[in-house]
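Taking it in order: structure first as structure tokens, then the write-up.
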Number of protein chains: 2
Amino acid sequence: MNFPTLSDIRAAHDRIRPFIHRTPILTSTAINEIAGCEIFFKCENFQKVGAFKARGAANAVMKLTPGQRAKGVATHSSGNHAAALARAASVAGIPSYIVMPSNAPEIKKKAVKGYGGEIIECEPNLKARETTLEAVVERTGATFIPPYDFMDVIEGQGTCALELLEDQPDLDIVMAPVGGGGLLGGTALTAHYLNPTIKVIAGEPTGADDAYRSFHAGEIIPQTGPNTIADGLLTSLGKLNFELIQRYVDDILLATDPQTIEAMRLVYERMKIVIEPSCAVPLAALLANKDRFAGKKVGIILSGGNVDLGKLPF
Amino acid sequence: MNFPTLSDIRAAHDRIRPFIHRTPILTSTAINEIAGCEIFFKCENFQKVGAFKARGAANAVMKLTPGQRAKGVATHSSGNHAAALARAASVAGIPSYIVMPSNAPEIKKKAVKGYGGEIIECEPNLKARETTLEAVVERTGATFIPPYDFMDVIEGQGTCALELLEDQPDLDIVMAPVGGGGLLGGTALTAHYLNPTIKVIAGEPTGADDAYRSFHAGEIIPQTGPNTIADGLLTSLGKLNFELIQRYVDDILLATDPQTIEAMRLVYERMKIVIEPSCAVPLAALLANKDRFAGKKVGIILSGGNVDLGKLPF
């Protein structure tokens, strides 16, 4: 499999730059004291659509041929990829068809509609999502842009670590959460190219630990019955993503939901920024394994800030 | 009364610069669209101690004589000034004595203790605060640093608008919330010096509208029985502050609590930052008076982010 090269990732960055924010890196003296290391938070909660997903979606849409553009794009997603794809399509002036489970959070449906995406509802299971999507693609001729198991999306997500390491080249460790593995795969690839001595460590919830189990088994073990507050990390690893993780990720650390809620509260209280639970998992995993990080410079990608404010776990 | 000159405010900025953050200015396309004007948010929620109060307290402490320093500082405050003074004293290596009402929020007590301040509890009324403070000052010889009705504090708070107008000199309007009037007074003074054509407009809750009533009556009408979610704006205007407001503030606009909560939610959802209710009052007042701001460039000082996460009003 030919993964994107560093030139590819840089080209993706040039391609999407007009459509995304270069997000800031924030630090907190108080959190550094608690953690016993120096943390640089790459704030993708401030990204367009409130999540790093804006990168991969924009990259995939901007790479479409004129013929593909004419018919639009489609995907199935309950989360940030849905809004990200709808927005990227809207920016490109093409239609988007988003298959969403009927129980998707209202805030995420609102976001998709706000960007002019057409929502097609389905039963809340993977089978229904896939068959509904197939029907939509057949009807419209739209191009399917998968949320993570797709090279152009991984390439786009890799631009986040590119910015992080441009701004802060002397990191010892980079951390990202892992769900499907789009962000983690892109991050690991970029870090590998820019500085192979940087350790890449993922954070994953104990209630959806398929990446952890797959990583140690050496083969993909799909997630069944995920149970965690980190609602962006429920899906199973993608194939391309797993290959990247096997090659370039150094470790996957777990965090329980109470640990994740505590880390989330710390970020709200000390940094005064809004993050979604999935986003707090790497910090929670770090705090649960402080010895591993003592005295290091650690970049943590805060992946998004789309949380239902009426249901904060505090 | 001799108010601080522009040189005084610039000198205050130099004096406190090592001890405060130069906070960022954030913008939101989505909020601009809703508001019908261009808003530049000066994010003092990212300030040390989570509020602009770090400025005035640092300025007052750094201006003490060596003799005064030796005996420390004291104040009565239920809020951000308490933490700000304790921190400024801690940075200066001197003791601080903070009189707090027994019903002050736990998070604010924790902050004061965290900075090494000594808390002296009293009954939750102004009389008890004042007599307890007098006793503390008598016992310790500490210098009383009032929260807002004090020249060195106003001078320090004026440094916030200094940064805002350095970074964004072409504003038509600057807005700040008004409680005791320290931030508003300092802001109005700085704006007046830097560009007298800039309008300065305050936001105040309808449930604690003494500044509005005083402004229109031409004399201080103290606040009795305040009733608002904006817990940083409960106090009555100070004398110095009122004089500044009469001279340099163009208008005071009111916002109801539901309007404030809606504005607060907008900031959390669209900007992904944590602010306290008091902080959302100017945006709420703007949104309730959109015609006044149509097409203008408006600077809004987001005064602080110290909110009890367990009691968010969403």
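The values are calculated or read from the model by the stated rules, or taken from the named source; none is laboratory data. Predicted model, so just to flag it, every value in this text is computed and none were measured. So basically every Cβ, Gly included, is an ideal-geometry build from the backbone, and we count neighbours across all protein chains shown.
Only one of the numbered conditions (1) among the small types (Gly, Ala, Ser); (2) out of contact with any strand residue (DSSP E or B) (no Cβ under 7 Å at 6 or more places or on another chain); (3) surrounded by 19 or more Cβ atoms within 10 Å (Cβ to Cβ) is not met by A:Gly93, and that is (3).
Scanning the range B:173-201 for residues that are β-branched (Val, Ile, Thr), in a loop (DSSP other than H, G, I, E, B) and touching a residue at least 60 places away in the same chain (Cβ under 8 Å) returns a single hit, B:Val178. Just checking, which of B:Ala255, B:Ala294 is closer than 13 Å to B:Met175 by Cβ and not basic (Lys, Arg)? B:Ala255 is the lone residue from the list that is closer than 13 Å to B:Met175 by Cβ and not basic (Lys, Arg). Scanning the range A:45-60 for residues that are in a helix (DSSP H, G or I) and in contact with a strand residue (DSSP E or B) (Cβ under 6 Å, 6 or more places away or on another chain) yields A:Asn45, A:Gly50. Right, A:Ile16: part of a helix (DSSP H, G or I), within 14 Å of another protein chain (Cβ to nearest Cβ), more than 15 Å from the chain's Cα centre (by Cα) and not basic (Lys, Arg) or not? So A:Ile16 does not fit the description; no.
If you go through the range B:138-160 and pick out every residue that is farther than 22 Å from B:Ile20 by Cα, in contact with a strand residue (DSSP E or B) (Cβ under 9 Å, 6 or more places away or on another chain) and surrounded by fewer than 19 Cβ atoms within 10 Å (Cβ to Cβ), you end up with 2.
Set side by side, the residues B:Leu183, B:Leu234 differ, and just one is of a type in the set (A, V, I, L, M, F, W, C), surrounded by 19 or more Cβ atoms within 10 Å (Cβ to Cβ) and either modelled with pLDDT of 95 or more or not assigned by TED's automatic domain parsing to the domain that holds B:Pro277 (or both), which is B:Leu183. Residues that are more than 12 Å from chain B (Cβ to nearest Cβ) and surrounded by fewer than 24 Cβ atoms within 10 Å (Cβ to Cβ) within the range A:40-71 comprise A:Phe40, A:Met62, A:Lys63, A:Leu64, A:Thr65, A:Pro66, A:Gly67, A:Gln68, A:Arg69, A:Ala70, A:Lys71, listed in sequence order.
If you check A:Ala255, A:Ala188, A:Ala263, A:Ala202, which single one turns out to be modelled with pLDDT of 95 or more, crowded, with 22+ Cβ neighbours inside 10 Å and closer than 23 Å to A:Arg10 by Cβ?
A:Ala188
Among the residues in the range A:234-242, are any touching a helix residue (DSSP H, G or I) at 6+ places or on another chain (Cβ under 9 Å), within 14 Å of chain B (Cβ to nearest Cβ) and under 25 Å from A:Pro124 (Cα atoms)? No; the residues of the range A:234-242 include none that is touching a helix residue (DSSP H, G or I) at 6+ places or on another chain (Cβ under 9 Å), within 14 Å of chain B (Cβ to nearest Cβ) and under 25 Å from A:Pro124 (Cα atoms).
Only residues that are assigned to a helix (DSSP H, G or I), within 14 Å of chain B (Cβ to nearest Cβ) and farther than 27 Å from B:Gln47 by Cβ were counted across the range A:279-314, and they come to 2.
Check B:Ala74, B:Ala83 and return the single one that is hydrophobic (A, V, I, L, M, F, W, C) and under 16 Å from the mean Cα position of the chain (by Cα).
Within the list B:Ala74, B:Ala83, the selection yields B:Ala83.
Among the residues of the range A:21-28, are any within 19 Å of the chain's Cα centre (by Cα), in a helix (DSSP H, G or I) and hydrophobic (A, V, I, L, M, F, W, C)? No.
Within the range B:248-270, the residues that satisfy the criterion of being more than 14 Å from chain A (Cβ to nearest Cβ) and touching a residue at least 24 places away in the same chain (Cβ under 8 Å) are B:Tyr248, B:Val249, B:Asp250, B:Asp251, B:Ile252, B:Leu253, B:Leu254, B:Ala255, B:Thr256, B:Asp257, B:Gln259, B:Thr260. Checked against (1) surrounded by fewer than 19 Cβ atoms within 10 Å (Cβ to Cβ); (2) over 22 Å from B:Ala11 (Cβ atoms); (3) in contact with a Lys or Arg (Cβ under 8 Å, 6 or more places away or on another chain), B:Glu121 meets all criteria but (3).
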